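Chemist: Let me give you the structure first, and then I'll get to my questions.
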Amino acid sequence: MRLLISTGEVSGDLQGSLLIQALWRVAKRRGLDLEVLALGGERMQSAGAELLADTSPMGAIGLWEALPLVVPTIRLQARVDRVLKERPPDGVVLIDYMGANVRLGHSLRGRLPDVPITYYIAPQEWAWRIGEGGTKSLLQFTDRILAIFPEEAEFYSGRGAEVTWVGHPLLDMVPVSSDRQAARRALGLPSEGALLLLMPASRPQELRYLMPELVQAAATLQARDPSLNVIVPAGLERFEEPLQHALDQAGVRGTVIPADQADAMKPNLFAAADLALGKSGTVNLELALQGVPQVVGYRVSRVTAWVARRILRFHVDHISPVNLLLKERLVPELLQEDFNAEQLVALAIPLLENQSVRQRVLDGYQRLRDTLGEPGVTDRAAEAILDQIKQPS
């Protein structure tokens, strides 16, 4: 049995690797001979997939930011088409990565009409609600959606999709318990002094637009409290040097965790952290499940922001998955011009110094956990994917 799994960016590579591990487990239980072809990254390759192309660096949000990726994406699609013509899959799994995966889905549906296509972690139109053109397009080629949020399942089911809610895969990753002092010792941190995590980037544009404000905020907070420790996990190896340079330029005493160590160190980093400042995205849920208060934000180019506001009339109540799921502003958010060092500091200080403010956030995190389902998510997803594929008689 041959599966094709397609995703992109750092987060997609992580989710793809977890799913591949689960597919091996379920296939072994069923006595299936499984082969996995993948568009993804090193994590998926390490999990046992044959990597057709590395798409983990290929991610952008916004019109202007996506332009440099158009030609590489077209070339990649042509190369994948040639491979799949020689080695057609028995099933296809698409993970997030909306633009490229929607194009791939339509292409595969036209050429392989009988091959089941499953969308796992579907595009978040259910959250943004800026039009449903993408939803209609997705439903034209998707046989089943494996939803990770209850609202996602309700949204797509209400539009005629076959949907299974499996829960959020982060539930399979988060440690059951964490010892803060043990984590600090493992990281080589002194017993005193708070730990601030900066979580700026899994995309080059985020490094460019977010990191300058984050390091300036860290510098101000460290000047206020010289014992403050600052750590920045790198999303990609090529980000390591620019991140360290940004810290040095701002005069921040901080450490950049190399990308090849960041995943392994993440449990200790999150267990030891007192506060995180960074981008909106899946990492917000990871921090919440580990009980780390956070300030969340995002910024795009002025061109993209102008188009979104003036032409698309884009407006959202929340940008963090934490707030989206709880339908309230539990964690502070800063968008576009408001994402600046001064406002980051103003929001960070109460979360570092006021125990009642911190406790309100932690209480909200517990309510959030209750909305995400039960552990065993990736195994449930793997079972559903393999159930879709017709076995030879």
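The values are calculated or read from the model by the stated rules, or taken from the named source; none is laboratory data. None of the values given here were measured: they were computed from a predicted structure. When we count neighbours, we look across all protein chains shown, and the Cβ atoms used for this are built from the backbone with ideal geometry, even at glycine.
Chemist: Residues of the range 181-229 being of a type in the set (Val, Ile, Thr) and surrounded by 23 or more Cβ atoms within 10 Å (Cβ to Cβ), which ones? Don't jump to the end; show me each part of the working.
Modeler: Initial filter on the range 181-229 (of a type in the set (Val, Ile, Thr)): 215, 220.
Once the filter is applied, which keeps residues that are of a type in the set (Val, Ile, Thr) and surrounded by 23 or more Cβ atoms within 10 Å (Cβ to Cβ), the range 181-229 yields only 215.
Chemist: Given the structure, is residue 310 basic (Lys, Arg) and at pLDDT 95 or above?
Modeler: no
Chemist: Pairs needed: first member in the range 245-266, touching a residue at least 60 places away in the same chain (Cβ under 8 Å) and within 16 Å of residue 188 (Cβ to Cβ); second member anywhere, among the hydrophobic types (A, V, I, L, M, F, W, C) and surrounded by fewer than 12 Cβ atoms within 10 Å (Cβ to Cβ); C-beta distance under 8 Å; at least 6 residues apart or different chains.
Modeler: From the range 245-266, no pairs qualify.
Chemist: Continuing with the same structure: What tally of residues in the range 350-393 results from selecting those that are modelled with pLDDT under 95 and touching an Asp or Glu at 6+ places or on another chain (Cβ under 6 Å)?
Modeler: Looking only at that region, the number is 2.
Chemist: Do any residues in the range 39-56 that are farther than 17 Å from residue 260 by Cα have Cβ atoms under 6 Å from those of residues that are surrounded by fewer than 24 Cβ atoms within 10 Å (Cβ to Cβ) and not hydrophobic (A, V, I, L, M, F, W, C), where the two are at least six apart or on different chains, and which pairs are they?
Modeler: Going by the 6 Å Cβ cut-off, the qualifying pairs are 51/45.
Chemist: Are there any pairs with C-beta distances below 8 angstrom linking a residue in the range 188-200 that is in the same structural domain as residue 237 (by TED's automatic domain parsing) to a residue that is modelled with pLDDT under 95 and among the acidic types (Asp, Glu), with the two at least 6 apart or on different chains, and if so which?
Modeler: Between residues of the range 188-200 that are in the same structural domain as residue 237 (by TED's automatic domain parsing) and residues that are modelled with pLDDT under 95 and among the acidic types (Asp, Glu), the close pairs are 200/206.
Chemist: Could you say whether any residue in the range 153-161 is closer than 20 Å to residue 53 by Cβ and in the same structural domain as residue 52 (by TED's automatic domain parsing)?
Modeler: Within the range 153-161, not a single residue is closer than 20 Å to residue 53 by Cβ and in the same structural domain as residue 52 (by TED's automatic domain parsing).
Chemist: Also, quick follow-up: So which residues in the range 137-168 are crowded, with 21+ Cβ neighbours inside 10 Å, closer than 26 Å to residue 368 by Cα and of a type outside the set (A, V, I, L, M)?
Modeler: 149, 152, 155, 156, 167, 168, listed by residue number.
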